1. Out of Asp14, Asp68, which single residue is closer than 24 Å to Glu149 by Cβ and modelled with pLDDT of 85 or more?
2. Between a first residue in the range 151-165 that is farther than 18 Å from Gly81 by Cα and a second residue that is in a helix (DSSP H, G or I) and of a type in the set (Phe, Trp, Tyr), which pairs have beta carbons less than 6 Å apart while being 6 or more apart in sequence or on different chains?
3. When only residues in the range 28-42 that are open to solvent by 40 Å² or more (accessible area, probe 1.4 Å) and in a helix (DSSP H, G or I) count, which is modelled with the lowest pLDDT?
4. Restrict the check to the range 168-183 and report whether at least one residue is surrounded by 11 or more Cβ atoms within 10 Å (Cβ to Cβ), under 23 Å from the mean Cα position of the chain (by Cα), modelled with pLDDT under 80 and among the aromatic types (Phe, Trp, Tyr).
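The values are calculated or read from the model by the stated rules, or taken from the named source; none is laboratory data. Source: prediction; values computed, not measured. Here Cβ is always computed from backbone atoms with ideal geometry, including for glycine, and neighbour counts include all displayed protein chains. Surface areas here come from the heavy atoms of the whole protein model, side chains and all, with no ligands, DNA or RNA. Shrake-Rupley method; radii C 1.70, N 1.55, O 1.52, S 1.80 Å.
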Amino acid sequence: MLWSHYPNKVIFVDIDLLSAAVYKTITKVSDFKTKIEVLGKTNTNANGTYIISFERKDFASQERGLPDVVAFVVYEDAIVGRSRLSTKNDWLSENVLQKLNVKLENTNFKNLTEYTIVMQAIMPLVKGAKLDLYQLHGSTDQTQFLAQEAEQDLIHVSLLVEAAKRVTEYPKFTFARIILWNWKTKI
C-alpha cells in the first residue's frame, strides 16, 4: 500500500550482514551512508507499481547468489514505507524479483490511522470468505494467513481478531472498543 499521491519515490537496496542491523529501523535516507548499498531508484506509477533494474555488478562482491533486497518509499529524506526483506523464493529468475510490496509506515501522508489501513486491507478478505472477524479467534493458521495475504503485521491482525471476539462475548462492556479506539487514535 503506497501513499496515494503518486509518483512515490522508491529506493531499492541490497541488505548485507552490516545493514541487517539497521534496515528495519532506519528512518532517513541520509542515514544510509555506507551501511546500506543502494541498487537503484525509481518512481511508482498511478497504480502504485514500480519497476527497477540493476546488474550483478551493482551489488556487493561478497553476495552469495541473488541480493537480499528491501524497497523503501521515501518522501524527501524520510522513509515512509518499506517492504519486507526479499527471499530466494521471490525471484522468478536471476533478474526478475516479484511482489516486493511496500508497507506504508508513516500514515500522516494519507491522513489515515494505521487501524484504518489494516482494516481496509483485511476486511475484504474476511467478507470475501463470508466470515466475521471474530470467527478467526482461536485459529492461528487463519489469522497468520489473513495477515500474510493482506500484507499486514501479524500482531495488528491478531489484536483486531482478539478485540472482535471480545466485543461479541461482552456486548454490554466497552473495553474491547476502548482498546480499538486507543489503537485507532494513538498509532
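1. Asp68
2. Ala164/Tyr134; Lys165/Tyr134
3. Step one: filter the range 28-42 for residues open to solvent by 40 Å² or more (accessible area, probe 1.4 Å), giving 28, 30-31, 33-35, 37-38, 41.
Retained after the next criterion (residues that are in a helix (DSSP H, G or I)): 30-31.
Numbers: Ser30: 86, Asp31: 83.
Here the residue is Asp31.
4. Yes, the range 168-183 contains at least one residue that is surrounded by 11 or more Cβ atoms within 10 Å (Cβ to Cβ), under 23 Å from the mean Cα position of the chain (by Cα), modelled with pLDDT under 80 and among the aromatic types (Phe, Trp, Tyr).
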